[in-house]
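Take a look at the structure below.
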Amino acid sequence: MSGRGQVSFRNIERTYGSFAALKGVNFDIREGEFFALLGPSGSGKSTTLRILAGLDAPTSGQVLIDGADVTAVDARDRDIAMVFQSYALYPHMTVAQNIAFPLEMSRLPKAEIGPAVQDAARKVKIEHLLDRKPGQLSGGQQQRVALARAIVRKAKLFLLDEPLSNLDAKLRLETRAELKKLQRALGVTAVYVTHDQEEAMTLADRMAVFMGGEIQQIGTPAEVFARPNSIDIAGFIGNPPMNLIPARYVDGDVIVGGHRLKTGSTLTGERDVVVGLRPGALRVAADGVPARVDLIEDLGDTAILDLDCAGTLLRMRVSDIEIPNEGDTIKVTARPQDVHLFDPATKARL
Ligand SMILES: Nc1ncnc2c1ncn2[C@@H]1O[C@H](COP(=O)(O)OP(=O)(O)OP(=O)(O)O)[C@@H](O)[C@H]1O
Ligand SMILES: [Mg+2]
């Protein structure tokens with residue numbers, strides 16, 4: 001199977017009056033890939049998705065689907081299914097009628113609609129709800145109806161804009177896992193908008209991190225987590241995010257809280273840097289930097305410690321067996337390969 005749901009954005013710009021919502025966005029999404037658009041509120045994720053769907057037009061640039069320039073192609077002719085944040089189900093129709101709606105719009109023969117609805121409902125496990133109205137369903141069930149209505153069309157591209165945001169925490173986790181399985185089983189390309197980095201990390205094959213109308217990094221979740229390419233990304237990815245500490249770099253070491261910490265860097269000389277340390281990468285060690293435990297947030301299986309390290313706040317993740325007491329002073333360090341360095345002026349990774 002080739003040419004099914006491959007997407008490219010070429011220098012896409014979108015301005016509203018004098019405001020640039022997208023400032024030259026480029027990416028290539030592979031066929032069958034689960035691709036997340038991740039970023040804070042207002043960074044341009046929904047605008048990007050709407051332009052891909054054909055619901056909005058770029059000010060300049062090209063949108064390619066399966067190699068064809070579709071920038072001027074109408075939304076209805078792009079073979080795309082979309083699930084929005086609000087499910088937008090028709091309240092007066094039954095679940096079955098809601099799912100059948102896109103097929104009726106495309107004038108599929110009646111005899112084919114029934115089985116297609118059954119099939120889509122079975123895939124998202126709502127066969128037993130087909131006769132109900134949306135008002136008689138829980139939020140999670142409504143969410144699945146919206147998904148069924150999207151998959152019933154067998155579109156080659158599946159666009160989802162914060163589809164789980166109305167669900168409670170437990171249901172969000174369950175639906176997230178089901179969504180991933182469903183996407184794999186259908187073999188469709190999915191483009192998924194979220195501001196929740198955990199959601200992007202767990203669902204996506206690759207993700208594009210948006211900030212201020214630009215993509216700052218594209219990669220697998222593991223790549224972006226392991227090597228954030230700027231201070232902004234480092235501070236956005238991870239929960240809690242990376243500790244970012246202004247420090248002095250001297251020939252391979254950094255000086256943090258008056259102590260030397262080895263880095264993996266081969267840069268020579270002296271300079272100001274921002275040191276990045278993941279909360280989970282900090283370790284207790286006899287020759288570590290002294291830090292006072294100011295606060296313990298117990299999460300059950302792990303805890304987050306707020307440490308005061310010579311006036312600098314450091315957050316550290318520890319497992320339950322090694323939780324100290326508030327007020328204790330512990331000594332912390334990190335392996336050289338876990339010490340990230342950034343340029344304070346350009347914010348870029350060093
Ligand atoms: N029709 C419009 N007119 C003017 N500005 C707009 C319009 N649509 C979006 N914007 C602006 O463009 C920027 C990007 O909006 P967009 O909806 O893409 O953000 P987002 O990343 O999806 O954010 P969120 O996570 O809050 O949904 C925002 O600053 C927004 O205010
Ligand atoms: Mg949005």
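Flag set for Leu22, criterion: in the same structural domain as Thr194 (by TED's automatic domain parsing), surrounded by 20 or more Cβ atoms within 10 Å (Cβ to Cβ), in contact (Cβ under 8 Å) with a residue 12 or more places away in the chain and within 11 Å of ligand 1 (Cβ to nearest atom).
Take segment 158-195 and flag every residue that is within 15 Å of ligand 1 (Cβ to nearest atom) and touching a residue at least 40 places away in the same chain (Cβ under 8 Å). Leu159, Leu160, Asp161, Glu162, Pro163, Ser165, Asn166, Val191, Tyr192, Val193, Thr194, His195, listed by residue number.
When you go through Glu112, Glu127, Glu104, Glu162 one by one, which is the residue that is crowded, with 18+ Cβ neighbours inside 10 Å and either closer than 30 Å to Ala36 by Cβ or away from ligand 2 (no atom under 16 Å from the Cβ) (or both)?
Details: Glu112 fails: crowded, with 18+ Cβ neighbours inside 10 Å; Glu127 fails: crowded, with 18+ Cβ neighbours inside 10 Å; Glu104 fails: crowded, with 18+ Cβ neighbours inside 10 Å.
The conditions single out Glu162.
Do we find a residue being crowded, with 19+ Cβ neighbours inside 10 Å, more than 27 Å from Ala303 (Cβ to Cβ) and aromatic (Phe, Trp, Tyr) anywhere in segment 227-248? The answer is no; no qualifying residue exists.
For segment 84-96, the criterion of being of a type in the set (Val, Ile, Thr) and either within 16 Å of ligand 2 (Cβ to nearest atom) or at pLDDT below 90 (or both) is satisfied by no residue at all. For first residues located in segment 215-236 and within 14 Å of Val274 (Cβ to Cβ), partners that are of a type in the set (A, V, I, L, M) and assigned to a helix (DSSP H, G or I) and lie 6+ apart or on another chain with Cβ distances below 8 Å form the pairs Pro228/Ala234; Ile233/Val224. No other residue among Gly288, Gly276, Gly280 is assigned to a strand (DSSP E or B), closer than 16 Å to Leu244 by Cβ and among the small types (Gly, Ala, Ser) apart from Gly276. In segment 41-58, the residues that are near ligand 2 (Cβ under 9 Å from one of its atoms) and at pLDDT 95 or above reach residues that are of a type in the set (Gly, Ala, Ser) and not in a helix (DSSP H, G or I) with C-beta atoms within less than 7 angstrom, at least six apart or across chains, in these pairs: Ser43/Gly212; Ser43/Gly213; Gly44/Ala21; Gly44/Gly213; Lys45/Gly39; Thr47/Ala21.
The values are calculated or read from the model by the stated rules, or taken from the named source; none is laboratory data. Note that this is a predicted model, so its numbers are computed, not measured. Reconstructed Cβ throughout: ideal geometry from the backbone, glycine too, with neighbour counts over all protein chains shown.
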